[in-house]
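Step one of this worksheet: look at the structure below.
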Amino acid sequence: MNSVVFNIRETGRWQQFNQDGYLFIESFLDSEETLLLQEACRKDATLQSHAMAVRDAAGRKTNLSLWNHPGDDIYGTIARSERIVDATEQLLGDEVYHYHSKLSAKQPKVGGAWEWHQDYGYWYKNGCLFPDMLSVFIAVDPCTKENGCMQVLKGSHRMGRIEHGFEGEQTGADLERVNEAMKVLDLVYCEMSAGTALFFHSNLLHRSDANLSDNPRWGLICCYNTKHNDPYVEHHHPQYTPLDKLPDSAIREIGARPTSAAQKFLAQDEDDTSRRLEVDA
């Protein structure tokens with residue numbers, strides 16, 4: 001598996017990422033690593049107790065736990081592993097650092113939708129001059145149309161940043177521009193098996209439907225910024241912080257270790273992006 005990760009440029013996947021704005025890597029976590037991640041997520045009382053309930057326009061909620069600095073648990077170990085850091089640096093062309101991570105948990109029948117948005121739509125407001133950033137969505141559970149898998153507009157990152165405002169409790173992209181983009185760009189449903197990773201550009205338009213199925217849809221999302229893009233504004237996510245990269249073997253060694261009680265999570269009222277968007281409204 002890992003040879004394709006470490007040879008992204010040689011295999012042409014770098015060009016694919018630049019053209020499409022996203023890249024799938026199947027079996028990014030092998031079966032044993034995936035089971036360890038699933039076990040940790042389901043049993044992690046600390047992680048779940050710090051989850052924010054983010055509601056969509058219909059009032060359905062997604063539980064979102066968010067932290068800035070990777071800890072000595074399975075989530076932080078994955079975020080600092082060679083395979084994810086090396087792949088990210090190849091795609092972005094520079095040293096990267098951990099911007100934040102989050103666990104997005106859509107429970108069966110009640111898990112909410114996410115509106116169309118770009119991550120850079122609001123990271124821009126944090127003082128990041130360039131969209132030289134990406135996120136890695138790692139499927140904890142199988143992601144299907146029925147349980148609200150991610151949807152992307154293929155190539156939409158090449159449109160540049162779109163204006164964003166509020167859609168319920170979420171930050172959403174200008175729907176007039178999104179609707180026009182949908183006329184000329186392919187809509188892709190990102191159905192994924194557990195352990196698959198989706199690398200996607202910070203300007204890629206993406207959304208997801210509510211989970212009305214009988215199955216959970218959880219995902220670990222690790223977000224990275226480039227060293228040269230150090231934010232000029234102090235905000236609720238970190239400025240450049242060197243990353244302590246770990247060998248891939250550390251994932252198995254750490255096992256299903258849950259979050260430490262000392263881990264600091266971001267509370268909903270600490271997100272000052274909302275304040276910056278309101279200033280521009």
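Only the coordinates and a few stated rules stand behind these numbers; no lab work does. Since the structure is predicted, the reported quantities are computational estimates derived from the model, not experimental observations. Methodologically, a virtual Cβ is constructed for each residue, glycine included, from the backbone with ideal geometry; neighbour enumeration extends over all protein chains shown.
Report the Cys residues of the chain lacking a disulfide-compatible partner, meaning no second Cys Cβ under 4.7 Å from their Cβ.
Lacking a cysteine Cβ partner under 4.7 Å: Cys41, Cys128, Cys190, Cys222, Cys223.
Normalised by the residues of the range 2-280, what does the relative contact order come to in percent, with Cα pairs under 8 Å and at least six apart? Before the final figure, lay out each step's value.
Details: 637 pairs, mean separation 90.1, N = 279.
Relative contact order for the range 2-280 comes out at 32 percent.
Could you grab the Rg to Rh ratio for the chain? Cα atoms only, Kirkwood for Rh.
Reported Rg/Rh, Kirkwood definition of Rh: 0.93.
Give the residue list of GluC sites (Glu not before Pro) in the range 63-154 that are DSSP loop and have at most 16 other beta-carbon atoms within 10 angstrom.
In loop regions of the range 63-154 (DSSP not H, G, I, E or B), the sparsely surrounded GluC sites (Glu not before Pro) are Glu95, Glu146.
Per DSSP H run of at least 4 residues, take -39500 (n - 2.57); add these up for the chain, divide by its residues and hand me the 222 nm value, nearest 500 deg cm²/dmol. Intermediate values should be presented prior to the final figure.
Values: 10 runs with 77 residues, N = 281.
Helices in the chain give a 222 nm mean residue ellipticity of -7000 deg cm²/dmol.
Hey, what did the range 135-278 get for relative contact order, percent, Cα under 8 Å, at least 6 apart? All intermediate terms of the calculation are to be shown ahead of the outcome.
Working: 176 pairs, mean separation 50.7, N = 144.
That works out to 35 percent.
Take the chain, connect every pair of alpha-carbon atoms lying under 10 Å apart with a spring to form a Gaussian network, then pick out the residue of Ala210, Ala105, Ala261 with the largest mean-square fluctuation.
Ala261
Could you tell me which trypsin sites (Lys or Arg not before Pro) in the range 7-66 are loop residues by DSSP with no more than 15 other beta carbons within 10 angstrom of their beta carbon? It would help to have the intermediate numbers written out before the result.
Details: sites: Arg9, Arg13, Arg42, Lys43, Arg55, Arg60, Lys61; in loops: Arg9, Arg60.
Here the trypsin sites (Lys or Arg not before Pro) that fit, given the DSSP loop and packing criteria, are Arg9.
For the range 20-51 and the range 173-194, what is the separation of their Cα centres, given in Å?
The two parts, judged by their Cα centres, are 25 Å apart.
Before anything else, pin down the relative contact order of the range 1-69: Cα pairs under 8 Å, at least 6 apart, normalised by residue count, whole percent.
Numbers: 33 pairs, mean separation 11.8, N = 69.
The value is 17 percent.
Which GluC sites (Glu not before Pro) in the range 199-272 sit in a loop by DSSP (not H, G, I, E or B) and have at most 11 other Cβ atoms within 10 Å of their own Cβ? All intermediate terms of the calculation are to be shown ahead of the outcome.
On the way: sites: Glu234, Glu253, Glu270; in loops: Glu234.
In loop regions of the range 199-272 (DSSP not H, G, I, E or B), the sparsely surrounded GluC sites (Glu not before Pro) are Glu234.
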